[in-house]
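Visitor: Mind looking over this structure? Questions follow.
The values are calculated or read from the model by the stated rules, or taken from the named source; none is laboratory data. Being a predicted model, the structure only gives us computed values, none of them experimental. Here the Cβ is made from the backbone with ideal geometry for all residues, glycine too, and neighbour counts use every protein chain on show.
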Amino acid sequence: MLLAMRCAALAVTSWVLAAPDAAAAWPEIGANDFRITFEGGTGQSLPSARLVAAAFHPERQEYFVVYIAAEFENDLEARRLQADGTAVSGSFFLANASDILNVALAYSPVHDHYLVIWWQADDGFQVLGRLVSPEGAILSSTLPIVPVCSDLPSCTPSVVYNPTADEFLVVWGRDESSGEKRIMGQRLDGESGAPVFTPFEISGGPDADIDPDVAYDPQANQYLVVWTSIRADDVDLRAQRLDGTAAGQIGEDDFVISDMSGRLGEENYGAYYPKIAYNPLDEEFLVVWWGLDGAAPLAPNGELEIFGQRISADGSEVGPNDFRISDAGGLGTTQHNPLAPQVAFLESEGLYLVSWHGTDSVDGMAATELEVFGQFLTRSGTEVGPNDLRLSDVGGFGDPSYAAGATRVVAADAPREFLVLWTANEDLPGMAPTENEVYGQRLDGGSIILFYDGFESADTSAWSSSLP
């Protein structure tokens, strides 16, 4: 009966579209803060959608968006979007569990399918997965990737596809019997999702290693895994390179990426929640995180901002050390907090976009108002485009009862765009104040480098489309 109700509800809402959104202002393009999910219709406060993951299909020119829907139970659902953000399909069911905590996915161009993984608390903490076609068809039974995982916040799985070995690599955090927390890995066959050998240890402790993320470098056929390392006297980011053929460790063991204020072992500062993107143009990685730092001009007792570090293929640091990306509320203030960054690289333009959610003092925002922000970076890590661009405006301006968070960012090379996604409650017509849905914003990646210095106008409406 429950399954019938679920299918009927999905059929009713599958082609529902929101009222036309106002046009966005450059570098935002298309509709402003367009709505993606419609859990339980409109005006229902109990159903909600949250914690999205997304990928771009280069051949179909489509986004595949996965999210947790709490309409009947905690369903895992997905929706396909055209490159311009319009719906290709309604929502479709992927899995069900009473307590799904996190979602991630990776695309295999070799087999033209996605591996969707999720972390759930049913029958103990575990990571499960399913292979899904680009049309949304379920191609496998539920895959028991990690039968025993960790509780919050340790596990937080991430996944990447390696076309050279035709495998997925899943990384996660595991609690040890000693009380330590280690980063683990599991290789999965790219076609079937079956385990390739047994889980293996990536980090060596000795205290708590959590929140891993992973990227793949096809030129060197290697992975780079990053995580938060909590030691007795500091919190920093560490990383490990893995061979892309057998996933064996290569290079320096558990090497340090961050040193907030240039001082390892300083308890008052720390780096958290790393995310990583690979840049094939320079064969290097960009790692971003939110960190507490006190180096001038930041507040001396520690100011929370978003930071980044470029890492070469051999694991060495490139460019400025721990460079700052955000300046929430201005420098030298501790009143505003940017959190949980995400990063993607647009190869066609040689451009990164870093997104995060948090508080700020721009546009008349209330002190506790949570919105989504973004910053474009060149390949060298130089900021371009608007500074700390506000991407969401949920509930308008100055109303802290509306909040946006859980942001994700995807790069789409052919349309030369980024898509930023987030979860929020909104004040759109007919919506309940506590109704959470998934929203998105497209951003122009093709003209940022051209316009960022102000020499040219971003208004191209009067440009001629023909030769003189």
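Visitor: Taking V394 as the residue in question, decide whether it is at pLDDT 80 or above, among the aliphatic types (A, V, I, L, M), touching a strand residue (DSSP E or B) at 6+ places or on another chain (Cβ under 8 Å) and within 18 Å of P27 (Cβ to Cβ).
Guide: No: the conditions fail for V394.
Visitor: Somewhere in the range 313-328, is a residue among the acidic types (D, E) and farther than 22 Å from R379 by Cβ? Before you say what the answer is, go through the steps one by one.
Guide: Let us first name the residues in the range 313-328 that are among the acidic types (D, E), namely 314, 317, 322, 327.
Narrowing the set further to residues that are farther than 22 Å from R379 by Cβ leaves none.
For the range 313-328, residues among the acidic types (D, E) and farther than 22 Å from R379 by Cβ: absent.
Visitor: Output yes when any residue across the range 186-200 is modelled with pLDDT of 95 or more, under 18 Å from I230 (Cα atoms) and not in a loop (DSSP other than H, G, I, E, B), and no when none is.
Guide: Among the residues of the range 186-200, not one is modelled with pLDDT of 95 or more, under 18 Å from I230 (Cα atoms) and not in a loop (DSSP other than H, G, I, E, B), which makes the answer no.
Visitor: So, one more: List every residue pair whose Cβ atoms lie under 6 Å apart, where the two residues are 6 or more positions apart in sequence or sit on different chains, the first residue falls within the range 82-99 and is in contact (Cβ under 8 Å) with a residue 60 or more places away in the chain, and the second residue, located anywhere, is surrounded by fewer than 16 Cβ atoms within 10 Å (Cβ to Cβ) and of a type in the set (F, W, Y).
Guide: G90/W15
Visitor: Which of the residues belonging to the range 380-389 are of a type in the set (D, E, K, R) and either more than 16 Å from G319 (Cβ to Cβ) or in contact with a Lys or Arg (Cβ under 9 Å, 6 or more places away or on another chain) (or both)?
Guide: Going through the range 380-389, the residues of a type in the set (D, E, K, R) turn out to be 383, 388.
The one that is of a type in the set (D, E, K, R) and either more than 16 Å from G319 (Cβ to Cβ) or in contact with a Lys or Arg (Cβ under 9 Å, 6 or more places away or on another chain) (or both): D388.
Visitor: Counting only residues that are under 19 Å from E191 (Cα atoms) and assigned to a strand (DSSP E or B), which one in the range 161-176 is farthest from the chain's Cα centre (by Cα)? Talk me through it step by step, then tell me what you get.
Guide: Going through the range 161-176, the residues under 19 Å from E191 (Cα atoms) turn out to be 161-171.
Checking which are assigned to a strand (DSSP E or B) leaves us with 161-162, 167-171.
Values: Y161: 16, N162: 19, E167: 21, F168: 18, L169: 17, V170: 15, V171: 15 Å.
That would be E167.
Visitor: Sticking with this one: Output the qualifying pairs, or none if there are none: Cβ atoms under 7 angstrom, residues six or more apart or on different chains, first residue in the range 407-432 and free of Cβ contacts under 8 Å to residues at least 60 places away in the same chain, second residue surrounded by fewer than 20 Cβ atoms within 10 Å (Cβ to Cβ) and β-branched (V, I, T).
Guide: Taking only residues 6 or more apart or on different chains, the pairs are N425/T434.
Visitor: Identify all residues within the range 347-383 that are modelled with pLDDT of 95 or more, surrounded by fewer than 23 Cβ atoms within 10 Å (Cβ to Cβ) and outside any loop (DSSP other than H, G, I, E, B); write none if there are none.
Guide: T378, E383
Visitor: In the range 96-105, how many are out of contact with any Phe, Trp or Tyr (no Cβ under 6 Å at 6 or more places or on another chain) and buried (at least 20 other Cβ atoms within 10 Å of the Cβ)?
Guide: Going through the range 96-105, the residues out of contact with any Phe, Trp or Tyr (no Cβ under 6 Å at 6 or more places or on another chain) turn out to be 96-99, 104.
Of the ones still in play, those that are also buried (at least 20 other Cβ atoms within 10 Å of the Cβ) are 97, 104.
Adding up the residues that qualify gives 2.
Visitor: Which residue out of E167, E59 is modelled with pLDDT of 95 or more, touching a Lys or Arg at 6+ places or on another chain (Cβ under 6 Å) and either under 30 Å from E28 (Cβ atoms) or not aliphatic (A, V, I, L, M) (or both)? Steps first, please.
Guide: Values: E59 fails: touching a Lys or Arg at 6+ places or on another chain (Cβ under 6 Å).
Result: E167 is the single residue among E167, E59 that is modelled with pLDDT of 95 or more, touching a Lys or Arg at 6+ places or on another chain (Cβ under 6 Å) and either under 30 Å from E28 (Cβ atoms) or not aliphatic (A, V, I, L, M) (or both).
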